[in-house]
There are 2 protein chains.
Amino acid sequence: MAQKISKRSEDYSQWYNDIIKIADLAEHSDVRGCMVIKPYGFAIWEKMKDILDKKFKETGHSNAYFPLFIPKSLFEAEEKNAEGFAKECAVVTHYRLKSDPNNKGKLIVDPEAKLTEELVVRPTSEAIIWNTYKKWVQSYRDLPILINQWANVVRWEMRTRLFLRTSEFLWQEGHTAHATKPEAIAEAEQMNNVYADFAEKYMAMPVIRGVKSESERFAGADETYCIEAMMQDGKALQAGTSHFLGQNFAKAFDVKYATKDGKEEYVWATSWGVSTRLMGALIMTHSDDLGLVLPPALAPIHVAIVPIYKTEEQLTQIKTKIKDFSNTLKQAGFTVKFDDDDQKRPGWKFAEYEAKGVPVRIAIGPRDLENNQAEVARRDTQEKQTIALDGIADYIKKLLDDIQSNLYQKALKFRDNNIQKVETYDEFKEKLKKDGGFFLAHWDGTAETEELIQQETKATIRCLPFNLGQEAGKCMVTGKPSKQRVIFAKAY
Amino acid sequence: MAQKISKRSEDYSQWYNDIIKIADLAEHSDVRGCMVIKPYGFAIWEKMKDILDKKFKETGHSNAYFPLFIPKSLFEAEEKNAEGFAKECAVVTHYRLKSDPNNKGKLIVDPEAKLTEELVVRPTSEAIIWNTYKKWVQSYRDLPILINQWANVVRWEMRTRLFLRTSEFLWQEGHTAHATKPEAIAEAEQMNNVYADFAEKYMAMPVIRGVKSESERFAGADETYCIEAMMQDGKALQAGTSHFLGQNFAKAFDVKYATKDGKEEYVWATSWGVSTRLMGALIMTHSDDLGLVLPPALAPIHVAIVPIYKTEEQLTQIKTKIKDFSNTLKQAGFTVKFDDDDQKRPGWKFAEYEAKGVPVRIAIGPRDLENNQAEVARRDTQEKQTIALDGIADYIKKLLDDIQSNLYQKALKFRDNNIQKVETYDEFKEKLKKDGGFFLAHWDGTAETEELIQQETKATIRCLPFNLGQEAGKCMVTGKPSKQRVIFAKAY
């Protein structure tokens, strides 16, 4: 743990990279814009996946799998969607390599193996999925279709950041088909709420629920629901989106169904997704200048036990002492790591578990043995306490609960302290520069004003929130009427 | 369930397609060679994944994720591997589409967005992973690396069959790095045993463990361990492979480590994988002319309950009656589906669950209500029995165990009845034609003889088995000495 972590206050962006490195979460690969997710980082993502997958199934969805490739002619069928993603598509044009006749041991693309139609590597799967749903839907009896897919997608990015913006990323994409508009809207809302719930209860990350302005909507959607979180530098991070797609894809792919009374109608659609971007959000919500901080609900290791000993006999005694309570914790579903690696000193291990965000660390040495106690350190506040071994399992269970809720409360307080109402554009510009954070301001609802603000300040409309700033007023730029305040912020 | 299933005895290949269709497992997509795995098929694959993933973790492996794309220069680094896969690679050459100036609403590949180096869509990940391991390994302390990845891979196929051979498929690929040769060999053997165990205990599919002949080895491996299963048409299906890669990839990517005594050595490697091909193996091992047959260990639904009723009152009574035992079954981890869909008749439902391979179906009607009993049908033997409701949960638990073991025993018996020893090449050719199945024969160990046999008979060496035909003899073709018998068969 000789690596140094930059301070958040000095270089936030470098701090973020340092945390990922020191906690061993991920790294850039030699493939432009693509990352390697390392085992410890992937273990956190797996926890996220498992929880979300369970929630999707509880709300009636099944998993399925659709092709990685989308033939160009299908990709372009829904025009807005195609236009939105065309500029960042990886395109497969050939299906074979051959030996380079001029360069032994090297390969070249075989010009004879050119595809008659190019294949787009999926940036999102609406096109391929709606082309498939077309075959599955004839009557109202075939609806709803409630499917989710865990997959990799590719959006070619010029400037990449680990987890936040990579050319390939992992995600889930739900794609549902419904007989009626209200059903589809209810589904899109439900899934946005599932995301919000997951963010708050498991990631301990407060989010603001709302809808996007038209310019920020998903390409091909009639409405985009979203959850927006505030990072420690005051910037916003869009953590999940759920789209009401209207009949746009049904029309593009001609997906109709026979109603009960024998009429033909286009099908209504939603899609919704969260990605490995959530890893970036998790890191930036809780971590500090000492390393990663993880909420217990997503920690791959909950408790690290570091024995402090000089003799083998002491180590054996310690092992005996901790056996009962670590078994109790394991049975309660917690992961306990007993670290008796004799190549590393206790201090090194303390720093290691701190850097990796392990919520609770226990140290136990010869004097603790005598007194039947252990030193318990919590990662979030860095407080240490000496605890009697009798009843320590219950203490730790409660402590893990405390840490989970403390992290949420701390993040909530930080966020709420960094949301302000502004009335004039000057005030907005000044405070955006001085304070950062989120701004509740009135906006006239036009794309022109939105764009002007973005160009002049780099702040965008994060969402039209559901539970904030519902009062009417006048646009801070044009003075035109506004039905509710919207949230402006700089964003990831 | 009006669809017809071809008989195995009449058209085995069509039967296979019919089973996939009627059980709603998968279908061809409009993307050449790529399939859509439908929810019911994917639910079976998810069960396989969960069980295997647990086994990988129990044997010390962690999951991680590596890029989908491999730059051509990395791909070609290990020559044999590159040569083996070059002919079936999807190649990304461009990273942008643009509007077609001559065709409104259409897109074309933007010629200005040509990649300076082409990217191969991974057909397997040794190259990208060993290029990464290079950065991770300095000293013996960094070893072993025990990583697995669940991913999609692409191998361009001209003739495809659902699950068995598709251009894109899902799999897991383990990639491990070790300090010594014996450790790497032990790992490769261990993982082949994990696969064999999974196949036999969960898929109820007996397998023969062995090693491949040199010509059938994975491109880049020094030894390929495998498990081979026999399908109901007597053909072999390679169900999993585990490769001892020697130092081939370490040398190609220059991955060395410092030993304890300060020397530099190349790292030793293994890789191992199973894929959605296992779905094809599962289907062809157990299913019959009525539909899919699933071993309970992999069934998404264990018990389907079909109420037979005329009045709502009867339905309510049935619901009350089944409540206790279905809860008991659910608590024991079984999935119970109560099907009270009033749009479908009981007979239709029976056929549906039969087609989908649900291991146990329970029917309960008014007379059963009176007598406090139900009709229990097992899918594997199609036997029906009337069982008293008191104690039915225990009966069903035992029945599911019986079905699991019966399927294995049945498949084992079939396989063992279809393995024969042959002494001469004429005998081999005659019996291969007449009987099919597996043949234990002597072979002189040369690629020439192997190729001759393949060209003349289409049979290949499936493996040099570990526990069969260990006696020495003479090659059935050349009469040259042979250390053990090998298995010849036609294969998927």
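Read-outs throughout are calculated quantities, based only on the coordinates presented, and are distinct from any laboratory measurement. Keep in mind that this is a model prediction, so the values were computed, not measured. So basically every Cβ, Gly included, is an ideal-geometry build from the backbone, and we count neighbours across all protein chains shown.
Where the centroid of each part is defined by its Cα atoms, how far is segment A:290-317 from segment A:91-124 in Å?
Computed from Cα coordinates, the inter-centre distance equals 50 Å.
Distance from a point 7 Å along Cα→Cβ of A:N371 to each backbone N in segment A:280-310: keep the residues under 19 Å and list them by number.
A:306-310
In degrees from 0 to 90, rounded to the nearest 10, what is the angle of the helix A:346-355 Cα long axis to the longest principal axis of chain A?
The two axes meet at around 20 degrees.
Return the Rg/Rh value of segment B:301-406, two decimal places, where both radii are evaluated on C-alpha atoms and Rh is the Kirkwood radius.
Working: Rg = 12.8 Å, Rh = 13.7 Å.
In segment B:301-406, Rg relative to Rh is 0.93.
Kindly provide the trypsin sites (Lys or Arg not before Pro) of segment A:286-328 that DSSP labels as loop, not H, G, I, E or B, and whose Cβ sees at most 12 other Cβ atoms within 10 Å. Walk me through the intermediate numbers first.
Values: sites: A:K310, A:K319, A:K321, A:K323; in loops: A:K310.
Loop-located and lightly packed - A:K310.
Suppose we keep just the DSSP beta bridges with both residues in the protein assembly as shown; what percent of those would be antiparallel, to 5?
On the way: 149 of 179 bridges.
Taking every DSSP beta bridge with both residues in the protein assembly as shown, the antiparallel ones total about 85 percent.
Among the listed pairs B:K135/B:K263; A:K134/A:K263; B:K310/B:K356; A:K201/B:K49; B:K54/B:K235, which are separated by more than 23 Å between their Cα atoms? Mind showing how you got there, number by number?
Values: B:K135/B:K263 18 Å; A:K134/A:K263 17 Å; B:K310/B:K356 26 Å; A:K201/B:K49 27 Å; B:K54/B:K235 30 Å.
Pairs exceeding the cut-off: B:K310/B:K356; A:K201/B:K49; B:K54/B:K235.
Taking 7 Å along the Cα-to-C-beta vector as the label spot, tell me the A:D11-A:K114 distance in nanometres, rounded to one decimal.
Placing both labels 7 Å along Cα→Cβ, they lie 4.8 nm apart.
Using a label point 7 angstrom from Cα along Cα-to-C-beta, what distances in nm, from shortest up, separate A:H28 from the other copies?
4.4
Restricted to Cα positions, what overall size does segment A:103-256 have along the principal axes? Three whole-Å values, descending.
Largest to smallest, the principal-axis extents are 58, 50, 28 Å.
Once both axes come from the Cα atoms, what is the angle between helix A:39-58 and the longest principal axis of chain A, in degrees from 0 to 90, rounded to 10?
Relative to chain A, helix A:39-58 is tipped by roughly 60 degrees.
Would you mind pulling out the separation of the Cα centroids of segment A:36-79 and segment A:431-446, in Å?
Each part's Cα centre sits 34 Å from the other's.
For chain A, take N as its residue count and report Rg(C-alpha) divided by 2.2 N^0.38 Å. Mind dumping the intermediate values first?
Numbers: Rg = 26.0 Å, N = 492, 2.2 N^0.38 = 23.2 Å.
This ratio for chain A stands at 1.12.
R0 = 56 Å: FRET efficiency of B:D30 with A:E448, Cβ-based, nearest 0.05? Spell out each step's value before the answer.
On the way: r = 41 Å, r/R0 = 0.73.
Computed FRET efficiency for B:D30 and A:E448 comes out at 0.85.
What full-extension length gain, to one decimal in nm, is calculated for A:Q385 and A:K458 as 0.36 nm per residue of separation minus the Cα-Cα distance?
Details: separation 73, 0.36 × 73 = 26.28 nm, distance 4.61 nm.
Extending this stretch completely gives an extra 21.7 nm.
Just to confirm the numbers: A:A388, label point 7 angstrom along the Cα-Cβ line, distances to the other copies in nm, shortest first?
5.4
Full extension from A:K330 to A:K4: what is 0.36 nm times the residue separation minus their Cα-Cα distance, to one decimal in nm?
Values: separation 326, 0.36 × 326 = 117.36 nm, distance 3.32 nm.
Fully extending the segment from A:K330 to A:K4 adds 114.0 nm.
So if I take the centroid of the Cα atoms in segment B:243-276 and the same for segment A:371-409, what is the distance between those two points in Å?
Here the two parts' Cα centres lie 42 Å apart.
Largest first and in whole Å, what are the equivalent-ellipsoid semi-axes of the protein assembly as shown based on the Cα gyration tensor, each being the root of 5 times an eigenvalue?
On the way: eigenvalues 422, 277, 226 Å².
After scaling each eigenvalue by five and taking roots: 46, 37, 34 Å.
Summarise the partner chain shielding of A:97-109 as one whole number: the mean count of Cβ atoms from other chains within 10 Å of each residue's Cβ.
Details: counts 13, 2, 4, 1, 0, 0, 1, 1, 5, 5, 12, 4, 6.
Mean partner shielding for this stretch: 4.
Using 7 Å Cα-to-Cβ label points, what is the A:E79/A:R159 separation (nm, one decimal)?
Output for this residue pair reads 3.2 nm.
Sorted by average packing, counted as other Cβ atoms within 10 angstrom per residue and highest first, what order do B:195-208, A:473-486 take?
Details: B:195-208: 22.0, A:473-486: 17.5.
Result, highest mean Cβ count within 10 Å first: B:195-208, A:473-486.
How many nanometers, to one decimal and shortest first, lie between the label point of B:A258 and those of its other copies, if labels sit 7 Å from Cα toward Cβ?
List, nearest first: 7.6 nm.
Against the longest principal axis of chain B, how steep is helix B:425-434, in degrees 0 to 90 to the nearest 10, with axes from Cα atoms?
The angle comes out near 30 degrees.
Given the rule -39500 (n - 2.57) for each run of at least 4 DSSP H residues, summed and divided by the residues of chain B, what is its mean residue ellipticity at 222 nm, to the nearest 500 deg cm²/dmol?
Numbers: 14 runs with 173 residues, N = 492.
Helix-only estimate at 222 nm: -11000 deg cm²/dmol.
Could you grab the relative contact order for chain B? Cα pairs under 8 Å, six or more apart, rounded to a whole percent. The partial results should precede the final answer.
Working: 976 pairs, mean separation 67.9, N = 492.
Relative contact order, chain B: 14 percent.
I'd like the mean, over residues of B:128-138, of how many other protein chain beta carbons sit within 10 Å of each residue's own Cβ. Before the final figure, lay out each step's value.
Numbers: counts 5, 2, 0, 4, 5, 0, 1, 4, 3, 0, 0.
So the per-residue partner count for this stretch is 2.
Taking the Cα of B:T424, stepping 7 Å toward and past its beta carbon, and measuring to each backbone N in segment B:467-481: which are under 20 Å?
B:473-481
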